[in-house]
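Structure, as structure tokens:
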Amino acid sequence: MEIPDSMIAACDPSKQVVVLTGAGISAESGVPTFRGEDGLWKRYRAEDLATPSAFQTNPKLVWEWYDWRRGIIGKAEPNPGHRAIAEMEGIFPHFCLITQNVDGLHRRAGNTEVIEIHGNLWDLRCVAEGTVREDTRVPLPEIPPLCECGALLRPHVVWFGESLDQEDLSRAYRLIEGCNLLLVVGTSAVVQPVASFPLMAKQAGAFVVEVNMDPTPISPLVDVSLHGKAGEILPALLEKIREYWGRGDGA
Ligand code: BV8
């Protein structure tokens, strides 16, 4: 896969860089994507399980799905794609990662400037008190888990039909509208409002690059589309940036 020089020139380490990721960045870690043929749970669509009404109706079923996903993610390791994005945080002084993923693998890879805009499935929230605690036990000892107050605990994620955290969203909008370079990795770009971020960045004058196995609805609007596996493309891109712009990490 050829990475055009025009793209490397846009990766100026002095620039404001935003990386936006979706489930595709975790695919090479063995974490099923949502809409791929490996489908998160063949019998159900994510849109039918990751909703407040599904949880209201059958908290046990929704928790079985999340406990199953936590089991897979708990055994997963960050892959070279995650690690390349973690290294980018060290090269670009003005860097932020916005991820739709709830698996926590970017933080495990070393990223600290991260907005987990759809939450994190290792955090549990009391439906009555709103308090949040991290619980990484796999499997959970009881399904559905209960708070000390007796109320249900839910995954601290944003479900379909739920609004995103306002602070996260405002920060993400500021970053998207102020960045010079947006790298969009491994997302089918169908879930709103995040799916509109690439167009917003483009309209604000950013150089937008897509890394995906397949074309997506945003492919016609990006400056460069790199088709292939994120775990292969991102390390190659990082190497080219280092060659073109100097080591960047002081090496
Ligand atoms: C909102 C957390 C305001 C949970 C997720 C009707 C009623 C209510 C709302 C709506 C409605 N109709 C539309 C909406 C809006 C809705 C929406 O967008 N629906 C879609 C389905 C049309 N959005 C919402 O509800 C959002 N809230 O709008 O609030 C509001 C409030 C009330 C009423 C109206 C509006 C909340 C959305 C958040 C949902 N939560 N996750 C959990 O994970 O359990 S979304 C879920 O999808 C994940 O976060 C996931 O990340 C995200 C997006 O999917 P992708 O990450 O893109 O994953 P996908 O599998 O689709 O694609 C993977 C890609 O990777 C593919 O392109 C593939 O080619 C590529 N790939 C694969 N392998 C690789 C690779 N690329 C590179 N390398 C590889 N190796």
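Rule-based calculations on the coordinates, nothing more; no lab input. Values in this document were obtained by computation on a predicted structure and should not be read as measured data. Positions of Cβ are backbone-derived with ideal geometry, glycine not excepted, and every protein chain shown enters the neighbour counts.
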Acute angle (nearest 10 degrees) that the helix 59-75 long axis makes with the longest principal axis of the chain, alpha-carbon atoms: 40 degrees
Loop trypsin sites (Lys or Arg not before Pro), region 36-140, which have at most 14 other Cβ atoms in a 10 Å radius of their Cβ (DSSP): Lys42, Arg43, Arg45, Arg137
Fraction of antiparallel bridges per DSSP, the chain only, in percent to nearest 5: 30 percent
Ellipticity estimate at 222 nm from DSSP helix runs (n ≥ 4, -39,500 (n - 2.57)) divided over the chain, nearest 500: -10000 deg cm²/dmol
Histogram of C-alpha separations across the chain, 10 Å bin width, %: 7, 31, 35, 19, 7, 1
Electrostatic dipole magnitude of region 130-251 [Cβ: Lys, Arg +1; Asp, Glu -1; Cα centre; debye, to 20]: 220 debye
Theoretical FRET efficiency, 1/(1+(r/R0)^6), r = Cβ-Cβ of Val138 and Asn58, R0 25 Å, to 0.05: 0.75
On Cα atoms only, tilt of 80-91 relative to the major axis of the chain in degrees: 60 degrees
Residues whose placed amide H lies under 5 Å from that of His94, excluding near-sequence neighbours: Val17
Region 95-142: GluC sites (Glu not before Pro) in DSSP coil with no more than 12 other Cβ atoms inside 10 Å: Glu129, Glu142
Hits among lysines - C-alpha to C-alpha of Lys15 under 17 Å, sequence gap 8 or more where chains match: Lys202, Lys240
Rounded to 10°, Cα long-axis angle of helix 166-178 versus longest principal axis of the chain: 10 degrees
Global geometry of region 100-150, whether rounded, prolate or oblate, following the gyration tensor of its Cα atoms and the 1.5 cut on a/c: prolate
Net charge of neighbours whose Cβ lies under 14 Å from the Cβ of Pro59, counting Lys and Arg as +1 and Asp and Glu as -1: 0
